[in-house]
Every structure is written in C-alpha cells, then in structure tokens.
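Working notes for the structure below.
The values are calculated or read from the model by the stated rules, or taken from the named source; none is laboratory data. As the structure is a computational prediction, the values presented were derived from the model and not from experiment. Glycine gets a Cβ as well: all are built from the backbone with ideal geometry, and neighbour counts include every protein chain shown.
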Amino acid sequence: MQMIIIIIIKSTTPGVTFSGSTLSGAIQMLEPGLDCGLAVTSNGHGAHCYNCRRSEPGKSVNDFQQRVELSTTRVTKLVFPHDTNHIRTLYGGTAMQWMDEVGFLVATRFSRQKVVTVSIDRVDFKVPIPEGSIVELVGKVIRVGNTSMTTRVQIFRENMFAGGQQLAVSAEMVFVAVGEDNKPTPLSVHQTTPAEQS
Ligand SMILES: CC(C)(COP(=O)(O)OP(=O)(O)OC[C@H]1O[C@@H](n2cnc3c(N)ncnc32)[C@H](O)[C@@H]1OP(=O)(O)O)[C@@H](O)C(=O)NCCC(=O)NCCS
C-alpha cells in the first residue's frame, strides 16, 4: 500500500518562499500569502488546495507557482502635480485607477484569458504620498478560484533623494475570466494538457 504524506508549512516571514529541496522534494509551498495553499503530495502526482479542497491531478504546484512568479507585476511611476489632490498628495482616485490597471495586468498575465474586475476589496491608504515621490506598484495573484483570481496590489512610496520604500496603499482585487459572451469561464490553468493526461 502506498502511503501519501502531506505536510503544510506556514511562514510568518513575508517574502520567504519554502523550497522542497530542503525536505527531500517531499513538499513544495506556494509563496506565503497565497491563500489557495496548494501543496503537492509526496508521490508528486497532483496538487491539492487546502483552501477550496480541490485536487488537480496531473498538475504540479510548480505550474501554479511559476505562473504566480511570471505574472507578478511591478510598475514604477512619478507623482506629478496633475496626479495630486488639494493638499498635494497622490489623489485616491488616481491611486485606485493605477491599482486596477496593475491588478488587471497580473490577472491577464496569470490566466492569459479575457478578464474583468468583479470586486475591489477594502483599499487601505496608510500614509500620504507627496507630489514628486517615486511610487512602485506591485501586484501578484494570492488566490485562484474556478473562474476568479484574487490579486493583492500595493503601492510603495519612495523619496526621490533619500530612497527607501514604505508601504502606502494596499488592496485586494478580484478578476473573473470571461468568455466571448462575457460570462464567467473556467480558468485554463486548471486544464491539463494532452501530454499531462497521457
Ligand atoms: C464579472 C461577472 C462576469 C461575474 O458574473 P456572475 O454571474 O456574477 O459570476 P458568478 O456568480 O458565476 O461568479 C463567478 C466568480 O466570481 C466570483 N465573484 C462574483 N462576485 C464576486 C464578488 N463581489 N467578490 C468576489 N468574487 C466574486 C465568484 O466567487 C466566482 O468565483 P469562482 O468561479 O472562482 O468560484 C459579472 O458580474 C459582470 O459582468 N460584472 C461587471 C464587470 C465589469 O464591468 N467590471 C468593470 C470593468 S473591467
């Protein structure tokens, strides 16, 4: 009888990615923060999501992890006077437009399908961003559903001369893959290729 061992590791250190190589290749974890905690079973025949409890026979966690890495998007901008409000800090509406665009790019790169925004969850404006700041927007997929993807988009502010980065704005945005009829359609990332099926 074949025994399958599943180990889940949670990291408390942001930005740290676990590697299966330190555990004899038995497990691999997606980046911490990816709520859809896909972990591969020890026989390497499939991935299983502890969040939505879906199994992906024929898929390795690497397929998802690689897509997450390749779709992570960074956009750097300068805050011009026309981007600001009456107190000469970045206008919230402008920030949200930039974030929606980055989230859209992330979801499109991840899925390579037509996507639309279905939800923008709670936007936190933590610190003001003065005119003349450099800002970096960073977006990545943190959860994968059947037809939807949740992205986390953050804006970091950077003083032009002092450098350094500080998290200024953060939001989670959900995008849905749609077909020709603009109705939800399953993400193609869930489909196995003919080579994988054989
Ligand atoms: C996006 C749209 C196609 C979804 O259609 P729908 O019939 O409501 O979708 P469903 O109820 O079948 O849900 C589809 C997916 O979206 C998710 N979803 C739907 N509403 C959501 C919400 N408010 N927040 C988060 N996720 C949501 C569902 O959980 C589901 O995810 P899953 O398949 O991964 O489990 C439709 O609502 C729409 O066209 N909205 C307008 C989009 C738009 O104009 N965006 C702005 C311009 S891009």
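Just a few scattered comments:
- Selected residue [away from the ligand (no atom under 16 Å from the Cβ) and either assigned to a strand (DSSP E or B) or of a type in the set (Val, Ile, Thr) (or both)] from 153, 135, 118: 135
- Residues being crowded, with 16+ Cβ neighbours inside 10 Å and among the basic types (Lys, Arg) - total across the range 120-145: 2
- Subset tally (residues that are free of Cβ contacts under 8 Å to residues at least 60 places away in the same chain, closer than 26 Å to residue 67 by Cβ and crowded, with 17+ Cβ neighbours inside 10 Å) for the range 80-104: 2
- Here residue 168 passes the criteria (1) within 16 Å of the ligand (Cβ to nearest atom); (2) over 21 Å from residue 189 (Cα atoms); (3) crowded, with 18+ Cβ neighbours inside 10 Å except the one numbered (1).
- Any hit, the range 151-166, residues being of a type in the set (A, V, I, L, M) and closer than 15 Å to residue 74 by Cα: yes
- Test: residue 110 is within 21 Å of residue 64 (Cα to Cα), assigned to a helix (DSSP H, G or I) and within 12 Å of the ligand (Cβ to nearest atom): no
- Residue selected from the range 171-198 under the condition modelled with pLDDT of 95 or more and among the charged types (D, E, K, R), by the criterion nearest to the ligand (Cβ to nearest atom): 183
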